[in-house]
Amino acid sequence: MDNWKANWATSPRKAKMDTLDTNFPFNKFRTSLRSLTRPQCSLLFQLRSNHIPLNKYLNRIGKAEDKFCINYKRYRGTEVPETVIHYLFECPSYDYKRHSLDAKLGRSSRDLKAILLDKEAIRELIRFVGRTKQLKPSLGDVSKFRSMADYQQYR
Ligand SMILES: [Zn+2]
C-alpha cells in the first residue's frame with residue numbers, strides 16, 4: 001500500500017482526472033500553486049479531487065479494509081467514514097492541531113472550495129496537514145515551504 005500511495009501522488013492517471021473537473025476554476029487554482037513545493041501541490045490536487053489516501057477513498061478502490069476513521073473509533077467508540085472533510089475539519093483527534101486553522105479561517109473554515117481559492121487559507125490548510133503528519137507516508141513533508149529565494153527561481 002505504501003508503494004501505491006507514493007506512486008499515486010504523481011501518476012499521470014491522477015493528473016488526467018484532476019483536469020476533468022470542469023466545475024472548478026482551475027486557472028486560479030493553478031496560480032496559487034506556483035509558490036508551493038511538489039508535495040504541497042500533490043496535496044492540493046488530492047484534496048480537490050477527493051482521491052486521497054484516506055480510508056473512505058482507499059476502501060472504495062480496494063486499498064483499505066474499511067472506510068472508517070481509526071482515530072475516531074478510538075476516541076469516540078463509533079465509526080464514521082474517513083472523508084476529506086472529516087479529516088480536515090471534524091476528526092476530534094486533531095482538534096488541538098486545528099486551533100490555528102480555525103482561528104485563521106474563521107467562518108469559512110469548513111468550506112474547502114473557498115479555502116482552495118485563497119492563497120493564505122491554502123497555506124494555513126497545508127500547515128494543518130503537516131502538523132497531523134497523517135499523509136506524510138504518501139506525500140512527504142508538506143510543512144516545508146519554499147524560501148523566498150527558491151520562489152524567485154521558479155517564477
Ligand atoms: Zn477521525
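The values are calculated or read from the model by the stated rules, or taken from the named source; none is laboratory data. What you see is a predicted model; the values in this text were computed from it and never measured. FYI the Cβ positions are ideal-geometry reconstructions off the backbone, even for glycines, and counts take in every protein chain you see.
Yes or no, residue by residue, for (1) of a type in the set (Lys, Arg); (2) not in a helix (DSSP H, G or I):
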| site | (1), (2) |
| --- | --- |
| Pro53 | no, yes |
| Asn59 | no, no |
| Arg74 | yes, no |
| Tyr96 | no, no |
| His99 | no, no |
| Arg123 | yes, no |
| Asp141 | no, yes |
| Arg146 | yes, yes |
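Kindly indicate the residue of segment 53-95 that is more than 7 Å from the ligand (Cβ to nearest atom) and among the hydroxyl-bearing types (Ser, Thr, Tyr) and also nearest to Arg131 (Cα to Cα) among those meeting that condition.
Per the stated criteria, the residue is Tyr94.
Conditions tested, residue by residue: (1) more than 17 Å from the chain's Cα centre (by Cα); (2) modelled with pLDDT under 95; (3) surrounded by 14 or more Cβ atoms within 10 Å (Cβ to Cβ); (4) of a type in the set (A, V, I, L, M, F, W, C).
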| position | (1), (2), (3), (4) |
| --- | --- |
| Asn55 | no, no, yes, no |
| Cys69 | no, no, yes, yes |
| Val80 | yes, no, yes, yes |
| Glu90 | no, yes, yes, no |
| Asp95 | no, yes, no, no |
| Arg98 | no, yes, yes, no |
| Gly106 | yes, yes, no, no |
| Ser109 | no, yes, yes, no |
| Lys113 | no, yes, no, no |
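From the set of residues in segment 125-139 that are of a type in the set (A, V, I, L, M) and part of a helix (DSSP H, G or I), which is surrounded by the fewest Cβ atoms within 10 Å (Cβ to Cβ)? Step through it out loud before you land on a result.
Going through segment 125-139, the residues of a type in the set (A, V, I, L, M) turn out to be 125-126, 129, 135, 139.
With the extra rule that they be part of a helix (DSSP H, G or I), the set shrinks to 125-126, 129, 139.
Working: Leu125: 24, Ile126: 21, Val129: 26, Leu139: 23.
Only one residue tops the list, namely Ile126.
Can you name every residue in segment 31-43 that is under 14 Å from Tyr87 (Cβ atoms) and in contact with a Ser or Thr (Cβ under 9 Å, 6 or more places away or on another chain)?
So the first thing to find is which residues in segment 31-43 are under 14 Å from Tyr87 (Cβ atoms), and the list is 43.
Correct list: empty.
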